[in-house]
Amino acid sequence: MTKNNTMPHGGTIKSGTAHDYSTGGWRKLRPILDRDKCIDCLICWVMCPDSAILTEDGKLTGFDMEHCKGCGVCAAECPDKIKAISMAVEEDL
Amino acid sequence: MSAALKQKKVGLTGNSAVAYAMMQIDPDVVPAYPITPSTTIIEEFSSYHADGKVTGELITVESEHSAMSASVGAAAAGARVMTATSAQGLALMWEVLYIASGMRLPIIMPIVNRALSAPINIHCDHSDSMGARDSGWIQLYAETVQEAYDNTIMAVRIAEESDVLLPIMSCQDGFITSHAIECLELIEDKDVKDFVGEYVPKDTLLDVDNPVTMGAMALPEFYMEFKRDQSNAMTRAKDAVSKISAEFAETFGREYGLFESYKLDDADVAIVVLSSAAGTTKVAIDKLRAEGKKVGLLRPRLYRPWPHAEIAEALKNVKVVCVLDRADSMNDFGGPLFGDVRSALFDLDTAPKVFGRIFGLGGRDYKVVDAEGVIGELYKVLETGKIEQLNRYITI
Ligand code: SF4
Ligand code: SF4
């Protein structure tokens, strides 16, 4: 896409391009996983607005720091009895 | 096709005629929320839906903001979408109107023109659709029930024209046209279906083999190029209106242009006015023509895009023009139509003198005697060469 060309009709573009855009730089808080507590229910994976929860074989393996913007939704949505994710202040780390 | 396919003559209100056209078009999706005076369009369409006369989805939503949002969603999914509204309903759709046009979704929306609050008023003026004149929607204005019906059918083709793909408002005057029974010719269902044809969307969210993102961001590097493309599509819409109106005339025998000229050829003075008020004005013109006064009328049918060059050409030999606006821009410089007409004439070597009058707000009657008063003012300017008041309210 160059400026002199006409733009894609109505702004319709191929899907999945958000992956190419880093939102990790916005982050002030970082999710920290307590692996011992996590029961791999993957509610955080469903709820993360940025697809930043990484999994393998149905198990939570970590966070994609290129895309995690530190919103804390995962920490809030992790079941009350588990609370395996805490949010740490980036500058304190 | 040969002219004048079989049609039946009936008496219908403007809203019944538009609802009938919608039934014949049978759009894929109609998200709707009722508001006076457009309510009976949706009411009657709901009856057609309940009676199994249409096959599309009718979604009764909780507000006009939702009606336009659902229209955008359905159109993005690849559906042919229609809805209808008036006044506050259109105002509540505001932010989504721009999303529909920016995403180039050819949504078709009959508008029944009504005054905006406050004060609360349910009667006709053009403040609702005039406020949306820069929203990137094509706008047609109908004088009669027949034209409101015909425009609804043509609107489908204009919006969906492959080099246009923009949403369209097809406007008629609230109550004056929408609730008055006039005689009109209805086209056979099959012929309407043949004329509008099948809608083939350019992109669709439902094509899972070719997944797309719609409504993505475009920051300063690209936003302006998108707007330029949209603006160019709006420019092309003018030719689409001419082309499709010509095809309609050839098929069904009724001719419509970008605007209507009435006794304009030899006119010294002329009135420019939209919609139903043109009918009243023609009666006054006929009366004064009988007295030897050379008066004419220009009634824009297409208002967005604005056919400025054609209108300048049509008015270039007129000496004085009065533009009647059924909406005030509240800018100390008259109504929107006044500004557009005056600007269109500016580059003529001998531009007519142009003044504006605001009339008929909130359903105030505009009578033959009011049109005669305007013609009197036109002649005064013709004789003295001086406009005493550039803009003011009449019918007050
Ligand atoms: S903080 Fe927000 S963006 Fe980051 S992993 Fe949790 S839910 Fe996703
Ligand atoms: S919601 Fe909590 S328990 Fe469930 S997978 Fe995520 S971190 Fe683990």
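The values are calculated or read from the model by the stated rules, or taken from the named source; none is laboratory data. Every value quoted in this text rests on a predicted model; they were computed, and no experiment measured them. When we count neighbours, we look across all protein chains shown, and the Cβ atoms used for this are built from the backbone with ideal geometry, even at glycine. Remember, those area values only see protein heavy atoms, side chains included, never the ligands or the DNA or RNA. Shrake-Rupley method; radii C 1.70, N 1.55, O 1.52, S 1.80 Å.
Matching residues to (1) surrounded by 13 or more Cβ atoms within 10 Å (Cβ to Cβ); (2) facing chain A (nearest Cβ under 8 Å); (3) of a type in the set (D, E, K, R):
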{"site": "B:Ala216", "(1), (2), (3)": "yes, yes, no"}
{"site": "B:Glu221", "(1), (2), (3)": "no, yes, yes"}
{"site": "B:Glu225", "(1), (2), (3)": "yes, yes, yes"}
{"site": "B:Gln230", "(1), (2), (3)": "yes, no, no"}
{"site": "B:Ala237", "(1), (2), (3)": "yes, no, no"}
{"site": "B:Ser242", "(1), (2), (3)": "yes, no, no"}
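A search for C-beta distances below 6 Å between a residue of region B:113-129 that is touching a residue at least 60 places away in the same chain (Cβ under 8 Å) and any residue that is open to solvent by less than 20 Å² (accessible area, probe 1.4 Å) and in a strand (DSSP E or B), counting only pairs 6+ apart in sequence or on different chains, returns B:Asn113/B:Cys171; B:Asn113/B:Asp173; B:Cys124/B:Asn113; B:Cys124/B:Asp173; B:His126/B:Asn113.
On the basis of being within 12 Å of ligand 1 (Cβ to nearest atom) and assigned to a loop (DSSP other than H, G, I, E, B), does A:Met7 make the cut? No; evaluated as a whole, the condition is false for this residue.
Annotation note: Cβ proximity below 6 Å between a residue of region B:182-204 that is more than 14 Å from B:Ala249 (Cα to Cα) and within 14 Å of chain A (Cβ to nearest Cβ) and a residue that is buried (at least 17 other Cβ atoms within 10 Å of the Cβ) and among the hydroxyl-bearing types (Ser, Thr, Tyr) (sequence gap 6+ or interchain) occurs for B:Asp203/A:Thr12. Kindly indicate whether any position in region B:275-292 is touching a strand residue (DSSP E or B) at 6+ places or on another chain (Cβ under 7 Å) and either in a loop (DSSP other than H, G, I, E, B) or modelled with pLDDT under 95 (or both). Checking region B:275-292: at least one residue is touching a strand residue (DSSP E or B) at 6+ places or on another chain (Cβ under 7 Å) and either in a loop (DSSP other than H, G, I, E, B) or modelled with pLDDT under 95 (or both). Looking at the structure I just gave you, is A:Lys69 over 9 Å from the mean Cα position of the chain (by Cα) and either within 8 Å of ligand 1 (Cβ to nearest atom) or surrounded by fewer than 17 Cβ atoms within 10 Å (Cβ to Cβ) (or both)? No; evaluated as a whole, the condition is false for this residue. If I filter region A:13-28 for residues that are open to solvent by 60 Å² or more (accessible area, probe 1.4 Å), modelled with pLDDT of 95 or more and either within 16 Å of ligand 1 (Cβ to nearest atom) or part of a helix (DSSP H, G or I) (or both), do I get at least one hit? The answer is yes; a qualifying residue exists.
Taking region B:24-77 as the range and being open to solvent by less than 30 Å² (accessible area, probe 1.4 Å), closer than 23 Å to B:Asp191 by Cα and free of Cβ contacts under 8 Å to residues at least 40 places away in the same chain as the test, the residues that pass are B:Phe45, B:Val54, B:Gly56.
Every residue, every condition in (1) within 10 Å of ligand 2 (Cβ to nearest atom); (2) surrounded by fewer than 13 Cβ atoms within 10 Å (Cβ to Cβ); (3) farther than 24 Å from B:Met217 by Cα; (4) in contact (Cβ under 8 Å) with a residue 60 or more places away in the chain, yes or no:
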residue	(1), (2), (3), (4)
A:Ile32	no, no, yes, no
A:Cys48	yes, no, no, no
A:Gly62	no, no, yes, no
A:Ala75	yes, no, yes, no
A:Cys78	yes, no, yes, no
A:Glu90	no, yes, yes, yes
